[in-house]
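Here is the structure we will look at.
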Amino acid sequence: VQLQASGGGLVQAGGSLRLSCAASGRTFSTYGMGWFRQAPGKEREFVSTISWSSMITYYTDSVKGRFTISRDNAKNTVYLQMNSLKPEDTAVYYCTATETGRAQKVDDLYDYWGQGTLVTVSS
């Protein structure tokens, strides 16, 4: 599986961005999908995840109520809608896929990683 993330960019605080992650392969609908991020000088952290069926989603506390994860299995794509962005959301955002099909919060449980897309939020 190859993952291609897009949609990052520069936005002012309070603004919105929608990240997309397009996956290759015919088994996308069976994968759990996730988004992680890594800010400059910091460790990679979990942001959000969605199960194969979209029935289960999780978010890290700092983005709850502002970010929404979704997926379109017909388009092999997972999205991260980010609203009310803050400077502390600035990071490279990575799309991930897990063959478990579950919504997973731990990076070690993911099998595939995209190249990342940079989100910069100015104050």
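The values are calculated or read from the model by the stated rules, or taken from the named source; none is laboratory data. The model shown is predicted, which means the values in this text are computed figures rather than measured ones. Methodologically, a virtual Cβ is constructed for each residue, glycine included, from the backbone with ideal geometry; neighbour enumeration extends over all protein chains shown. Protein only, heavy atoms only, side chains kept; ligands, DNA and RNA dropped before computing areas. Shrake-Rupley method; radii C 1.70, N 1.55, O 1.52, S 1.80 Å.
Modelled spin labels at A13 and S70, positioned 7 Å past Cα toward Cβ, are 2.8 nm from each other. To put it simply, the accessible area of the chain at a 1.4 Å probe is 47 percent carbon and sulfur. What the phi angles of region 88-94 give under the Karplus curve with 6.51, -1.76 and 1.60, with θ = phi - 60°, is a coupling list of 6, 7, 4, 4, 8, 9, 10 Hz, glycine and proline written as x. Here the label points at S122 and A22, each 7 Å from Cα along the C-beta direction, are separated by 2.9 nm in the simple model.
Suppose all protein chains stay in the model; what accessible area per residue would a 1.4 Å probe give for the chain, in Å²?
52
Report note on the peptides 33-44, 78-89: ranked by the mean count of other C-beta atoms within 10 Å, highest first, their order is 78-89, 33-44.
Normalised by the number of residues in the chain, the average gap of Cα pairs under 8 Å and 6 or more apart makes the relative contact order 37 percent.
Report the net charge of residues surrounding Q81, where surrounding means a beta-carbon distance below 10 angstrom and charges are Lys +1, Arg +1, Asp -1, Glu -1. Charge balance near Q81 sits at +2. Extending 7 Å from Cα along the Cβ direction at Q4 and again at Y58 yields two label points whose distance is 3.0 nm.
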